[in-house]
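I have a structure I would like to understand better, so I am pasting it below and will then ask my questions one at a time.
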Amino acid sequence: AGAKNADDVRRSIEQWFSDTMDRLSGWYTRTLRWVSFVVGLAFTIVLNVDSVVVINSFWSDPVLRESVVAYTAERLQDSTYVSSLEEGGIDNLRTELSSLTLPVGWTKYGPDPELIDTAKREGKAVWWVVMTQWVPKRLIGWLLTTLAVSMGAHFWFDVLSRFVRIRSAGVVPGAKKQ
């Protein structure tokens with residue numbers, strides 16, 4: 001009877017441990033999701049990366065779009081690019097990316113100078129005008145960027161992998177059937 005009782009105690013402890021680890025895993029996942037959202041939002045606002053502005057810029061500016069496509073194609077063809085980045089570090093990358101004039105950052109895509117001038121002329125607090133008029137326009141773009149960032153690299157790798165599989169499925173247009 002003692003051996004059966006010891007087995008029951010062992011199974012009970014195993015079950016308790018499994019249940020506790022399942023709850024802890026769920027708590028950890030939920031907490032990490034919120035932490036990654038908050039960190040992503042902080043970086044998004046600090047760097048002023050507004051998805052709506054970026055998409056609109058690519059959509060309406062063919063020169064910007066073509067320069068980014070050309071830059072990317074050139075880097076994909078250059079097999080020594082990664083090692084050259086390792087030698088030059090982040091400064092080389094920063095210089096290259098600044099030459100693309102991407103629609104991010106505070107200098108060019110910050111609050112509209114006319115909005116600030118109007119607030120000053122009317123005697124209104126500039127920070128209040130920016131917070132009530134400019135920030136709400138940027139909030140949706142910042143939230144979209146934050147959601148995209150908080151999904152993580154694994155999610156986006158899976159999405160891109162599925163997209164590539166879909167594109168490679170079926171008959172290539174213009175190809176002859178044999």
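The values are calculated or read from the model by the stated rules, or taken from the named source; none is laboratory data. A quick note: this is a predicted structure, and the numbers were derived from the prediction, not measured. Cβ coordinates were reconstructed from backbone atoms using ideal geometry, including for glycine residues, and neighbour counts include every protein chain displayed. Remember, those area values only see protein heavy atoms, side chains included, never the ligands or the DNA or RNA. Shrake-Rupley method; radii C 1.70, N 1.55, O 1.52, S 1.80 Å.
Quick one: count up the residues across segment 12-38 that are open to solvent by 70 Å² or more (accessible area, probe 1.4 Å) and under 17 Å from the mean Cα position of the chain (by Cα).
5
On to the next question. Out of all the residues in segment 148-166, which are at pLDDT 85 or above, open to solvent by less than 90 Å² (accessible area, probe 1.4 Å) and either in contact with a Pro (Cβ under 8 Å, 6 or more places away or on another chain) or closer than 16 Å to residue 44 by Cβ (or both)?
148, 149, 150, listed by residue number.
While we're on this one: Would you check which residues across segment 56-66 are small (Gly, Ala, Ser) and either open to solvent by 40 Å² or more (accessible area, probe 1.4 Å) or not in a helix (DSSP H, G or I) (or both) and list them?
60, the sole residue that qualifies.
Another question about this same structure. Quick one: residue 75 ticks every box in (1) at pLDDT below 90; (2) more than 28 Å from residue 150 (Cα to Cα) bar one, so which box is it?
(2)
Do we find a residue being within 20 Å of the chain's Cα centre (by Cα), within 28 Å of residue 56 (Cβ to Cβ) and either in a helix (DSSP H, G or I) or modelled with pLDDT of 80 or more (or both) anywhere in segment 117-135?
Within segment 117-135, one or more residues are within 20 Å of the chain's Cα centre (by Cα), within 28 Å of residue 56 (Cβ to Cβ) and either in a helix (DSSP H, G or I) or modelled with pLDDT of 80 or more (or both).
To continue, here is another question. Do we have residue 9 as open to solvent by 90 Å² or more (accessible area, probe 1.4 Å) and either part of a helix (DSSP H, G or I) or in contact with a Lys or Arg (Cβ under 6 Å, 6 or more places away or on another chain) (or both) here?
Considered against the rule, which asks whether it is open to solvent by 90 Å² or more (accessible area, probe 1.4 Å) and either part of a helix (DSSP H, G or I) or in contact with a Lys or Arg (Cβ under 6 Å, 6 or more places away or on another chain) (or both), residue 9 comes out as no.
Looking at segment 134-141, can you tell me whether even one residue there is over 23 Å from residue 39 (Cβ atoms), open to solvent by 70 Å² or more (accessible area, probe 1.4 Å) and not polar (S, T, N, Q)?
yes
Contact list please: Cβ distance under 7 Å, first residue in segment 91-113 and over 24 Å from residue 131 (Cα atoms) and modelled with pLDDT of 75 or more, second residue surrounded by 10 or more Cβ atoms within 10 Å (Cβ to Cβ) and of a type in the set (A, V, I, L, M, F, W, C), pairs at least six apart or on different chains.
100/68; 101/64
In the list 22, 50, which residue meets the criterion of being charged (D, E, K, R) and farther than 15 Å from residue 106 by Cα?
Going through 22, 50 in turn, the sole match is 22.
Among the residues of segment 40-55, write down those that are in contact (Cβ under 8 Å) with a residue 40 or more places away in the chain and part of a helix (DSSP H, G or I).
Those that are in contact (Cβ under 8 Å) with a residue 40 or more places away in the chain and part of a helix (DSSP H, G or I): 40, 41, 43, 44, 45, 47, 51, 52, 53, 54.
Which residues, counting only those in segment 30-72, are over 13 Å from residue 138 (Cβ atoms) and in contact with a Gly (Cβ under 8 Å, 6 or more places away or on another chain)?
Matches in segment 30-72: 36 only.
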